[in-house]
1. Return yes or no: is Ser64 over 16 Å from Ile5 (Cα atoms) and either of a type in the set (S, T, N, Q) or in contact (Cβ under 8 Å) with a residue 40 or more places away in the chain (or both)?
2. I'm trying to understand the selection: among the residues of the stretch 87-117, which are buried (at least 19 other Cβ atoms within 10 Å of the Cβ) and either at pLDDT below 90 or of a type in the set (S, T, N, Q) (or both)?
3. If I filter the stretch 31-38 for residues that are farther than 20 Å from Phe103 by Cα, surrounded by fewer than 21 Cβ atoms within 10 Å (Cβ to Cβ) and hydrophobic (A, V, I, L, M, F, W, C), do I get at least one hit?
4. Can you tell me which condition Phe69 does not meet? The list is (1) touching a Lys or Arg at 6+ places or on another chain (Cβ under 9 Å); (2) hydrophobic (A, V, I, L, M, F, W, C); (3) surrounded by fewer than 17 Cβ atoms within 10 Å (Cβ to Cβ); (4) closer than 26 Å to Lys21 by Cα, and all the others hold.
5. When the residues of the stretch 46-60 are narrowed to those that are surrounded by 18 or more Cβ atoms within 10 Å (Cβ to Cβ) and over 12 Å from Glu7 (Cα atoms), which ends up modelled with the highest pLDDT?
6. Right, Ile52: more than 16 Å from Met116 (Cβ to Cβ), touching a residue at least 60 places away in the same chain (Cβ under 8 Å) and aliphatic (A, V, I, L, M) or not?
7. Do the conditions hold for Val27, that is, is it over 21 Å from Ala68 (Cα atoms) and either surrounded by fewer than 17 Cβ atoms within 10 Å (Cβ to Cβ) or of a type in the set (A, V, I, L, M) (or both)?
8. Residues being under 15 Å from Ala30 (Cβ atoms) and either polar (S, T, N, Q) or touching a residue at least 40 places away in the same chain (Cβ under 8 Å) (or both): count how many of those fall in the stretch 67-101.
Amino acid sequence: MVILIAEDDELILKTVEHKLKKEGYEVLIARNGKEAIDLIKVTDIDLVISDIMMPFASGTEILSAIKAFGKDIPVIMLSGLGQEEVVLDAFNLGAADFMVKPFSPTELILRIKRLMAQK
């Protein structure tokens with residue numbers, strides 16, 4: 001199973017990458033939204049974990065790109081902003097789940113397993 005992490009915060013990126021690899025997932029990394037969109041376009045990805053606020057393209061732009069490419073990839077959105085409007089926008093664009101930073105990597109793994117069981 002291939003998971004793309006799109007995150008510009010290096011500490012969060014490395015923490016999530018380590019936890020996912022420990023769980024046996026194959027991990028791809030994008031440090032900005034453009035890198036994420038480029039990877040999604042050419043790679044078979046099973047799940048995307050994306051920050052909302054990133055350089056070059058936002059998490060919501062990543063959601064839009066997934067739809068434009070005709071792909072059905074669940075996306076877990078991450079944000080330091082717990083504002084209701086941001087959460088609703090993400091869900092309206094097709095996000096499968098939303099977590100507010102800081103979050104528990106163990107909880108993230110549980111949410112990933114739940115999403116993958118539904119697929």
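The values are calculated or read from the model by the stated rules, or taken from the named source; none is laboratory data. Note that the coordinates shown come from a computational prediction; the quantities given were computed from them, not determined experimentally. Backbone-built Cβ (ideal geometry, glycine too); neighbour counts: all protein chains shown.
1. Values: over 16 Å from Ile5 (Cα atoms): yes; either of a type in the set (S, T, N, Q) or in contact (Cβ under 8 Å) with a residue 40 or more places away in the chain (or both): yes.
For Ser64, the condition - over 16 Å from Ile5 (Cα atoms) and either of a type in the set (S, T, N, Q) or in contact (Cβ under 8 Å) with a residue 40 or more places away in the chain (or both) - is met.
2. Answer for the stretch 87-117, where residues must be buried (at least 19 other Cβ atoms within 10 Å of the Cβ) and either at pLDDT below 90 or of a type in the set (S, T, N, Q) (or both): just Ala90.
3. Yes: the stretch 31-38 contains one or more residues that are farther than 20 Å from Phe103 by Cα, surrounded by fewer than 21 Cβ atoms within 10 Å (Cβ to Cβ) and hydrophobic (A, V, I, L, M, F, W, C).
4. Only one criterion is unmet by Phe69, namely (4).
5. Filtering the stretch 46-60 for residues that are surrounded by 18 or more Cβ atoms within 10 Å (Cβ to Cβ) and over 12 Å from Glu7 (Cα atoms), the one modelled with the highest pLDDT comes out as Leu47.
6. On the way: more than 16 Å from Met116 (Cβ to Cβ): yes; touching a residue at least 60 places away in the same chain (Cβ under 8 Å): no; aliphatic (A, V, I, L, M): yes.
Here the answer is no, as Ile52 does not meet what is asked.
7. The answer is yes for Val27.
8. Residues that pass the stated criteria total 1.
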